[in-house]
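Participant: Supplied in structure tokens, the structure appears directly below.
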Amino acid sequence: MRTEVAVIGAGPAGLLLSHLLAEQGVESVVIETRTQEYVLSRIRAGILEHSTVDLLDSVGLGERLRREGQEHRGIHLQTPGERHHLDFVDLCGRSVWVYGQTEVTRDLVDAREAAGQQFFYGVTETALHDIETDSPYVTFVDADGTEQRVDAAVIAGCDGSFGPSRAAIPDSVRRTWERVYPYSWLGILADVAPSTDELIYAWHPDGFAMHSMRSDTVSRLYLQVPNGTDVADWSDDRVWAALSTRLGAGIDDWTLRSGPITEKSVLPMRSYVQTPMRHGRLFLAGDAAHIVPPTGAKGLNLAVADVALLAPALISLLRKNDDTLADAYSDSALRRVWRCTHFSWWMTTMLHRSGDPFDAQLQLSQLRWVASSTAGATGLAENYAGLPIGL
Ligand code: FAD
Ligand code: DHB
């Protein structure tokens, strides 16, 4: 089989890339190891930056988002006894939207299916070949057990942190940076109305806690837990008690509503960047090239920002035989990647207990400054609400 772009991975990066390419008449085949049901049911991120929403809007994917999503002006930043609202719209003129990654994925899958996009779901043994030539190809075994080969002009590695694309770049070329954090998140989804209008990020002596949401009837909450935590050790009652203690600490007239928990999982945290994001005819986008800890809500937004640069670069390369944008892709994308890597690291290390009392004093001082200084608050707001694409 022949196509113009072989896209490996049907996460947000791969699906959006195939959509943006198709808008300009560039053909692609999407190759995904999981089933479509699995891709559509994965519970992950929940906050969309301003520029992500603008991009989705501009390519006809904003209709349900505008109807069912919630626009938030900012977040609450909390230390025991003090809950400060940071108003991003006042501070930097940009808002964020609460709209689950599950919903973004659903909208993308629906749009791609309606347009007749070619997908292979449930594949195994995905392998990349001849990426240093002008005729790379991908091989895999399809869901029926048949060996397949897709020849392409370009391969887009959108296969997340466990896919084969990042390792297809030779060791002599690739460089990696990594930071593993000494804590994880225990996340829950619960059928209960949120107890807050906008997200709460809370520092607490027992560890970080966050209150997010998915709708007027579904809440999403997170707790800092030690690495290696077994979900089985956290009964629903224990989870609600810890959330209530950490989120309610010293806040008068506020209580956390609890309800049935429908999902519970532990998420380890790390920062990871691999450079370059392009080698020969292989281009990496999203988690395939970089991972951020979730505290700054950047993972999904960064995947979208990569693709917003990659799509025009590939269209120029394939339609006009102009490789200027393709050659610039890795350096351009990495500017934002490092900004978000820093911001996610900063939010994470400011809000999570390390166990060191000196760290705790620095964190509290930093949080007081961010909450009380317009300069401090604006820095957080600009990064959280998202810098313009291409910056
Ligand atoms: P992915 O969504 O990982 O998509 C990659 C796709 O490639 C997957 O569908 C995968 O099945 C497929 N694939 C893998 N291997 C192969 C192969 N060999 N062949 C073919 N296909 C393959 N970010 C936040 O901002 N907030 C959060 O709360 C948050 N929670 C998260 C929870 C979890 C458990 C994880 C893993 C991530 C979370 N993230 C969160 C990060 C965010 O979800 C990701 O940054 C985002 O999904 C990146 O999109 P992507 O398309 O680059 O990668
Ligand atoms: C959510 C996840 C995040 O990592 C974050 O910073 C904010 C919200 C969420 O899942 O809703």
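The values are calculated or read from the model by the stated rules, or taken from the named source; none is laboratory data. All figures in this text were calculated on a predicted structure; none of them were measured in a lab. Glycine also receives a Cβ, built like all others from the backbone with ideal geometry; neighbour counts cover every protein chain displayed. Please note that ligands, DNA and RNA were not included when accessible areas were found on the heavy atoms of the full protein model with its side chains. Shrake-Rupley method; radii C 1.70, N 1.55, O 1.52, S 1.80 Å.
Participant: Quote the convex hull volume per residue of the chain, based on C-alpha atoms, as a whole number of Å³.
Facilitator: Convex hull of Cα atoms, per residue: 142 Å³.
Participant: Sticking with this one: Taking amide H atoms as placed 1.01 Å from N in the peptide plane, list the residues 5 or more away in sequence, or in a different chain, whose amide H sits under 5 Å from that of residue 44.
Facilitator: So residue 44 has HN proximity to 101, 102.
Participant: Please go through segment 1-94 and write out the GluC sites (Glu not before Pro) that DSSP classes as loop and that have at most 16 other C-beta atoms within 10 Å.
Facilitator: Numbers: sites: 4, 23, 27, 32, 37, 49, 63, 68, 71, 82; in loops: 4, 27, 32, 49.
Passing sites in segment 1-94 are 27.
Participant: Right, another one. I need two numbers for segment 134-231: Rg to one decimal and Dmax as a whole number, Cα atoms only, in Å.
Facilitator: 21.2, 56
Participant: Please report the spacing between the Cα centers of segment 117-140 and segment 216-286 in Å, no decimals.
Facilitator: Spelled out, the Cα-based centre of one part sits 34 Å from the other.
Participant: Enter the angle in degrees (range 0 to 90, nearest 10) between the Cα long axis of helix 374-385 and the first principal axis of the Cα atoms of the chain, meaning the one along which they spread out most.
Facilitator: Tilt relative to the chain: about 40 degrees.
Participant: Separation between the residue 37 and residue 328 pseudo-spin-labels, each 7 Å from Cα along Cα→Cβ, expressed in nm?
Facilitator: For the pair residue 37/residue 328, the computed spacing is 4.6 nm.
Participant: Now a separate question. Can you find, among 127, 305, 13, the residue farthest towards the positive end of the dipole of the chain? Put +1 on the C-beta of Lys and Arg, -1 on that of Asp and Glu.
Facilitator: Of the candidates, 305 comes out farthest on the positive side.
Participant: With θ set to phi - 60° and the Karplus curve 6.51 cos²θ - 1.76 cosθ + 1.60, what are the ³J(HN,Hα) couplings of segment 67-76 in order, to the nearest whole Hz, using x for Gly and Pro?
Facilitator: Ordered by residue, 3J(HN,Hα) equals 7, 9, x, 10, 7, 10, 6, x, 9, 9 Hz.
Participant: Looking at the chain, identify the longest residue range that excludes and avoids all chymotrypsin sites (Phe, Trp or Tyr not before Pro) in DSSP loops having at most 15 other Cβ atoms within 10 Å. Present the calculation step by step, with values, prior to reporting the outcome.
Facilitator: Details: sites that count: 162, 254.
In the chain, the maximal stretch lacking such sites is 1-161.
Participant: Round to a whole number: what % of the accessible area of the chain belongs to carbon and sulfur, probe 1.4 Å? Could you put the intermediate results ahead of the total?
Facilitator: Values: 7780 of 16040 Å².
Carbon with sulfur: 48 percent of the solvent-accessible area.
Participant: Right, another one. What does the charge dipole of the chain about its Cα centre add up to, to the nearest 20 debye, if the Cβ of each Lys and Arg holds +1 and the Cβ of each Asp and Glu holds -1?
Facilitator: I would put it at about 700 debye.
Participant: Let me ask another. Among 242, 291, 205, whose Cα sits farthest toward the positive end of the charge dipole of segment 182-320 (+1 at Cβ of Lys/Arg, -1 at Cβ of Asp/Glu, about the Cα centre)?
Facilitator: Of the listed residues, the answer is 291.
Participant: Rounded to the nearest 10 degrees, what's the angle between the helix 324-351 long axis and the longest principal axis of the chain, both from Cα atoms, 0 to 90?
Facilitator: 20 degrees
Participant: How far, in degrees from 0 to 90, does helix 357-372 lean away from the longest principal axis of the Cα atoms of the chain, to the nearest 10?
Facilitator: Helix 357-372 and the main axis of the chain meet at about 90 degrees.
Participant: What percent do you get for the relative contact order of the chain when only Cα pairs under 8 Å and 6+ apart count?
Facilitator: About 20 percent, as a whole number.
Participant: Here's a follow-up. Which one of 86, 53, 76 has its Cα pushed farthest toward the positive end of the charge dipole of segment 1-115, where Lys and Arg give +1 and Asp and Glu give -1 at the Cβ?
Facilitator: Of the listed residues, the answer is 76.
Participant: Okay, next question. If each DSSP helix of 4+ residues adds -39,500 (n - 2.57) and the sum is divided by the residues in the chain, what number results at 222 nm, nearest 500 deg cm²/dmol?
Facilitator: On the way: 12 runs with 147 residues, N = 391.
Computed mean residue ellipticity for the chain: -11500 deg cm²/dmol.
Participant: Next question. Return one whole number: the accessible area per residue of the chain in Å², for a 1.4 Å probe.
Facilitator: Normalised by residue count, the accessible surface of the chain is 41 Å².
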